[in-house]
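Just below is one structure, and these are the notes that go with it.
The values are calculated or read from the model by the stated rules, or taken from the named source; none is laboratory data. These numbers come from a predicted model, not from an experiment. Ideal geometry is used to build each Cβ from the backbone, glycine not excepted, and the neighbour counts take in all protein chains shown. Surface areas here come from the heavy atoms of the whole protein model, side chains and all, with no ligands, DNA or RNA. Shrake-Rupley method; radii C 1.70, N 1.55, O 1.52, S 1.80 Å.
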Amino acid sequence: MSKKKWTAVDRYINETLLPHDPALDAALAASDKAGLPAIAVTPNQGRFLMIFAQSIGARSILEMGSLGGYSTIWLARALPPDGRLITLEFDPKHAEVARANVAHAGLADKVEIRVGKALETLPEIAAEGLGPFDFIFIDADKGNYPGYLEWAVRLSRSGTVIIGDNVVRDGKVIDPNDPDPSIQGVRHMNEIIAAESRLCATAIQTVGSKGYDGFMIAMVKSKD
Ligand code: SAH
Ligand code: DHB
Ligand code: MG
(Lines give C-alpha, C1' and ligand atoms only; values in the text may rest on other atoms or scores of the structure.)
(Ligands and ions follow the chains in the order given, each with its own letter.)
Protein backbone atom coordinates (compact mmCIF):
# COMPACT_ATOMS: atom_id res chain seq x y z
CA MET A 1 0.00 0.00 0.00
CA SER A 2 1.29 3.38 -0.94
CA LYS A 3 0.76 7.03 -0.21
CA LYS A 4 -0.68 7.33 -3.70
CA LYS A 5 -3.47 4.93 -2.79
CA TRP A 6 -4.02 6.51 0.65
CA THR A 7 -4.37 9.88 -1.09
CA ALA A 8 -6.85 8.47 -3.61
CA VAL A 9 -8.93 6.95 -0.80
CA ASP A 10 -8.82 10.24 1.15
CA ARG A 11 -10.07 11.98 -1.99
CA TYR A 12 -12.85 9.41 -2.35
CA ILE A 13 -13.88 9.81 1.31
CA ASN A 14 -13.82 13.60 1.13
CA GLU A 15 -15.75 13.74 -2.14
CA THR A 16 -18.31 11.20 -0.95
CA LEU A 17 -18.93 12.18 2.67
CA LEU A 18 -17.87 15.80 3.05
CA PRO A 19 -19.88 18.48 1.28
CA HIS A 20 -18.09 21.22 -0.60
CA ASP A 21 -17.03 23.77 1.99
CA PRO A 22 -16.09 27.24 0.71
CA ALA A 23 -14.82 28.60 4.07
CA LEU A 24 -12.47 25.68 4.62
CA ASP A 25 -11.30 25.67 1.00
CA ALA A 26 -10.62 29.40 1.30
CA ALA A 27 -8.67 28.88 4.53
CA LEU A 28 -6.36 26.39 2.82
CA ALA A 29 -5.98 28.60 -0.27
CA ALA A 30 -5.13 31.66 1.83
CA SER A 31 -2.68 29.65 3.95
CA ASP A 32 -0.99 28.40 0.79
CA LYS A 33 -0.86 31.88 -0.70
CA ALA A 34 0.74 33.23 2.46
CA GLY A 35 3.44 30.56 2.22
CA LEU A 36 2.39 28.50 5.24
CA PRO A 37 3.44 24.83 5.15
CA ALA A 38 0.73 22.37 4.03
CA ILE A 39 0.64 20.53 7.35
CA ALA A 40 -2.94 21.12 8.51
CA VAL A 41 -5.08 18.10 9.32
CA THR A 42 -6.86 16.62 6.29
CA PRO A 43 -10.57 17.40 5.71
CA ASN A 44 -11.72 13.98 6.93
CA GLN A 45 -9.50 14.31 10.02
CA GLY A 46 -10.86 17.81 10.64
CA ARG A 47 -14.38 16.49 10.56
CA PHE A 48 -13.38 13.65 12.88
CA LEU A 49 -12.16 16.25 15.39
CA MET A 50 -15.38 18.26 14.99
CA ILE A 51 -17.63 15.21 15.51
CA PHE A 52 -15.58 14.15 18.54
CA ALA A 53 -15.78 17.59 20.19
CA GLN A 54 -19.48 17.94 19.39
CA SER A 55 -20.31 14.43 20.61
CA ILE A 56 -18.97 15.23 24.09
CA GLY A 57 -20.90 18.51 24.07
CA ALA A 58 -17.75 20.63 24.25
CA ARG A 59 -18.42 24.26 25.15
CA SER A 60 -14.79 25.23 25.69
CA ILE A 61 -11.92 24.10 23.51
CA LEU A 62 -8.16 24.71 23.74
CA GLU A 63 -5.86 24.20 20.76
CA MET A 64 -2.06 24.33 20.70
CA GLY A 65 -0.75 25.13 17.21
CA SER A 66 -3.12 27.20 15.02
CA LEU A 67 -1.12 27.40 11.76
CA GLY A 68 -3.67 28.97 9.34
CA GLY A 69 -6.67 28.12 11.51
CA TYR A 70 -7.84 25.11 9.48
CA SER A 71 -8.31 22.71 12.42
CA THR A 72 -9.42 25.73 14.45
CA ILE A 73 -12.38 26.28 12.11
CA TRP A 74 -13.40 22.61 12.28
CA LEU A 75 -13.24 22.62 16.08
CA ALA A 76 -14.98 25.98 16.51
CA ARG A 77 -17.86 24.64 14.43
CA ALA A 78 -18.43 21.99 17.10
CA LEU A 79 -19.24 24.69 19.66
CA PRO A 80 -22.71 25.84 20.71
CA PRO A 81 -23.55 29.55 20.14
CA ASP A 82 -21.99 30.61 23.45
CA GLY A 83 -18.97 28.28 23.13
CA ARG A 84 -15.35 29.48 23.16
CA LEU A 85 -12.11 28.26 21.61
CA ILE A 86 -8.65 29.51 22.47
CA THR A 87 -5.85 28.61 20.04
CA LEU A 88 -2.16 29.15 20.74
CA GLU A 89 0.32 30.06 17.99
CA PHE A 90 3.98 31.05 18.16
CA ASP A 91 4.40 32.56 14.68
CA PRO A 92 2.73 36.01 14.31
CA LYS A 93 2.38 35.48 10.56
CA HIS A 94 0.56 32.18 11.05
CA ALA A 95 -1.67 33.82 13.66
CA GLU A 96 -2.54 36.65 11.28
CA VAL A 97 -3.51 34.21 8.53
CA ALA A 98 -5.50 32.14 11.03
CA ARG A 99 -7.32 35.23 12.30
CA ALA A 100 -8.41 36.20 8.77
CA ASN A 101 -9.48 32.63 7.95
CA VAL A 102 -11.47 32.27 11.17
CA ALA A 103 -13.17 35.62 10.54
CA HIS A 104 -13.98 34.64 6.95
CA ALA A 105 -15.56 31.44 8.29
CA GLY A 106 -17.81 33.57 10.53
CA LEU A 107 -16.26 32.31 13.75
CA ALA A 108 -14.37 35.38 15.00
CA ASP A 109 -16.71 35.85 17.97
CA LYS A 110 -15.98 32.35 19.28
CA VAL A 111 -12.23 32.12 18.68
CA GLU A 112 -9.34 33.81 20.47
CA ILE A 113 -5.84 33.44 19.03
CA ARG A 114 -3.00 33.96 21.50
CA VAL A 115 0.36 34.69 19.96
CA GLY A 116 3.49 33.45 21.72
CA LYS A 117 5.22 30.27 22.80
CA ALA A 118 2.49 27.99 24.11
CA LEU A 119 4.55 27.13 27.18
CA GLU A 120 4.41 30.86 28.01
CA THR A 121 0.76 31.49 27.14
CA LEU A 122 -0.56 28.35 28.89
CA PRO A 123 0.37 29.62 32.39
CA GLU A 124 -1.37 32.92 31.55
CA ILE A 125 -4.52 31.06 30.53
CA ALA A 126 -4.43 29.12 33.78
CA ALA A 127 -3.80 32.29 35.83
CA GLU A 128 -6.74 34.00 34.12
CA GLY A 129 -8.98 31.11 35.19
CA LEU A 130 -9.98 30.32 31.61
CA GLY A 131 -10.09 26.56 32.19
CA PRO A 132 -11.18 23.91 32.56
CA PHE A 133 -11.56 23.04 28.88
CA ASP A 134 -13.84 20.26 27.64
CA PHE A 135 -11.71 19.35 24.61
CA ILE A 136 -7.99 19.99 24.05
CA PHE A 137 -6.14 19.50 20.75
CA ILE A 138 -2.34 19.33 20.99
CA ASP A 139 -0.72 20.07 17.60
CA ALA A 140 2.12 22.58 18.14
CA ASP A 141 5.86 21.73 18.17
CA LYS A 142 6.17 18.05 18.98
CA GLY A 143 9.32 18.46 21.11
CA ASN A 144 7.19 20.24 23.71
CA TYR A 145 4.39 17.66 23.77
CA PRO A 146 5.36 16.51 27.30
CA GLY A 147 4.84 20.04 28.64
CA TYR A 148 1.65 20.50 26.61
CA LEU A 149 0.21 17.25 27.96
CA GLU A 150 0.93 18.37 31.53
CA TRP A 151 -0.75 21.72 30.93
CA ALA A 152 -3.67 20.00 29.26
CA VAL A 153 -4.25 17.87 32.36
CA ARG A 154 -3.96 20.95 34.58
CA LEU A 155 -6.53 22.77 32.43
CA SER A 156 -8.96 19.83 32.33
CA ARG A 157 -11.86 18.43 34.32
CA SER A 158 -13.12 14.90 34.73
CA GLY A 159 -14.41 13.94 31.26
CA THR A 160 -12.15 16.25 29.25
CA VAL A 161 -10.87 14.68 26.03
CA ILE A 162 -7.29 15.42 24.95
CA ILE A 163 -6.22 14.59 21.39
CA GLY A 164 -2.62 14.84 20.19
CA ASP A 165 -1.75 14.92 16.49
CA ASN A 166 1.27 13.37 14.73
CA VAL A 167 2.14 10.70 17.27
CA VAL A 168 3.29 8.01 14.82
CA ARG A 169 5.36 9.84 12.17
CA ASP A 170 5.87 7.00 9.67
CA GLY A 171 6.38 4.59 12.55
CA LYS A 172 9.47 6.44 13.80
CA VAL A 173 7.83 6.66 17.24
CA ILE A 174 8.95 3.09 18.07
CA ASP A 175 12.66 3.97 17.83
CA PRO A 176 13.95 4.94 21.28
CA ASN A 177 17.20 6.18 19.70
CA ASP A 178 15.70 8.46 17.04
CA PRO A 179 17.56 11.77 17.44
CA ASP A 180 14.57 13.84 16.21
CA PRO A 181 13.29 15.92 19.16
CA SER A 182 9.75 15.53 17.75
CA ILE A 183 9.97 11.76 18.16
CA GLN A 184 11.51 12.03 21.61
CA GLY A 185 8.81 14.55 22.56
CA VAL A 186 6.00 12.17 21.59
CA ARG A 187 7.70 9.23 23.33
CA HIS A 188 8.21 11.25 26.51
CA MET A 189 4.57 12.40 26.39
CA ASN A 190 3.44 8.78 26.12
CA GLU A 191 5.55 7.88 29.18
CA ILE A 192 3.91 10.68 31.16
CA ILE A 193 0.46 9.52 30.03
CA ALA A 194 1.24 5.92 31.00
CA ALA A 195 2.27 7.03 34.49
CA GLU A 196 -0.68 9.41 34.90
CA SER A 197 -3.46 7.57 36.76
CA ARG A 198 -5.98 10.33 35.95
CA LEU A 199 -5.81 9.55 32.23
CA CYS A 200 -7.27 6.73 30.15
CA ALA A 201 -5.48 6.87 26.80
CA THR A 202 -4.97 5.17 23.48
CA ALA A 203 -3.39 5.97 20.12
CA ILE A 204 -4.72 5.22 16.64
CA GLN A 205 -2.54 4.88 13.54
CA THR A 206 -3.77 6.71 10.44
CA VAL A 207 -2.88 6.79 6.75
CA GLY A 208 -3.97 9.32 4.15
CA SER A 209 -2.88 12.16 1.91
CA LYS A 210 -0.61 13.47 4.71
CA GLY A 211 1.13 10.11 5.03
CA TYR A 212 1.34 7.55 7.85
CA ASP A 213 0.76 9.09 11.26
CA GLY A 214 -1.64 8.89 14.19
CA PHE A 215 -3.69 10.48 16.94
CA MET A 216 -3.27 10.08 20.70
CA ILE A 217 -6.68 10.16 22.41
CA ALA A 218 -6.94 10.53 26.18
CA MET A 219 -9.81 11.07 28.57
CA VAL A 220 -9.44 12.55 32.02
CA LYS A 221 -11.00 10.06 34.47
CA SER A 222 -10.87 11.97 37.72
CA LYS A 223 -8.84 14.80 39.11
CA ASP A 224 -8.16 13.37 42.61
N1 SAH B 1 -3.47 22.61 14.01
C2 SAH B 1 -3.09 23.07 12.67
C3 SAH B 1 -1.66 22.69 12.32
C4 SAH B 1 -0.63 23.18 13.31
S5 SAH B 1 1.01 23.05 12.67
C6 SAH B 1 -4.06 22.44 11.66
O7 SAH B 1 -4.17 21.20 11.67
O8 SAH B 1 -4.67 23.16 10.88
C9 SAH B 1 1.94 23.48 14.08
C10 SAH B 1 1.88 24.96 14.46
O11 SAH B 1 2.48 25.09 15.74
C12 SAH B 1 2.64 25.89 13.51
O13 SAH B 1 1.83 26.94 13.06
C14 SAH B 1 3.77 26.44 14.38
O15 SAH B 1 4.13 27.79 14.10
C16 SAH B 1 3.18 26.31 15.76
N17 SAH B 1 4.17 26.30 16.84
C18 SAH B 1 5.45 25.86 16.79
N19 SAH B 1 6.06 26.03 17.96
C20 SAH B 1 5.13 26.59 18.80
C21 SAH B 1 5.16 27.00 20.16
N22 SAH B 1 6.25 26.89 20.91
N23 SAH B 1 4.03 27.53 20.67
C24 SAH B 1 2.91 27.66 19.93
N25 SAH B 1 2.83 27.28 18.64
C26 SAH B 1 3.92 26.75 18.08
C1 DHB C 1 3.93 18.25 10.29
C2 DHB C 1 2.61 17.78 10.29
C3 DHB C 1 1.73 18.22 11.26
O4 DHB C 1 0.44 17.79 11.29
C5 DHB C 1 2.14 19.10 12.22
O6 DHB C 1 1.25 19.47 13.15
C7 DHB C 1 3.44 19.60 12.22
C8 DHB C 1 4.34 19.16 11.24
C9 DHB C 1 4.87 17.79 9.25
O10 DHB C 1 4.47 16.96 8.44
O11 DHB C 1 6.01 18.25 9.26
MG1 MG D 1 -0.48 18.16 13.17
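Dividing the summed -39500 (n - 2.57) terms of all DSSP H runs of n ≥ 4 by the residue count of the chain sets its mean residue ellipticity at 222 nm at -13000 deg cm²/dmol. Debye-formula intensities of the chain, expressed as log10 I(q)/I(0) at q = 0.11 Å⁻¹, are -0.51 (one equal scatterer per alpha-carbon, no solvent). Each Lys or Arg adds one and each Asp or Glu subtracts one; over the other residues with Cβ under 13 Å from the Cβ of residue 204, this totals -2. Accessible area ranking (1.4 Å probe, heavy atoms, ligands and nucleic acids excluded), largest first, for 188, 104: 104, 188. Of 50, 189, the order by accessible heavy-atom surface (1.4 Å probe, DNA, RNA and ligands excluded), from most exposed downward, is 50, 189. With both residues required to sit in the stretch 3-220, DSSP beta bridges show an antiparallel share near 45%.
Around residue 45, what is the net charge, scoring Lys/Arg as +1 and Asp/Glu as -1 over all other residues with Cβ under 13 Å from its Cβ? Neighbour charge sum, excluding residue 45 itself: -2. Working from label points 7 Å from Cα in the Cα-to-Cβ sense, the residue 12 to residue 221 distance is 4.0 nm. Expressed as a whole percent, the accessible surface of the chain that belongs to carbon and sulfur atoms is 56, based on a 1.4 Å probe. Per-residue extension of 0.36 nm, minus the Cα-Cα distance of residue 34 and residue 20, leaves a gain of 2.8 nm for this segment. Multiplying the residue separation of residue 2 and residue 96 by 0.36 nm and subtracting their alpha-carbon distance yields 30.3 nm. Modelled spin labels at residue 104 and residue 150, positioned 7 Å past Cα toward Cβ, are 3.9 nm from each other. Seen from every direction in turn and averaged, the convex hull around the alpha carbons of the stretch 21-133 projects onto 6.5 nm².
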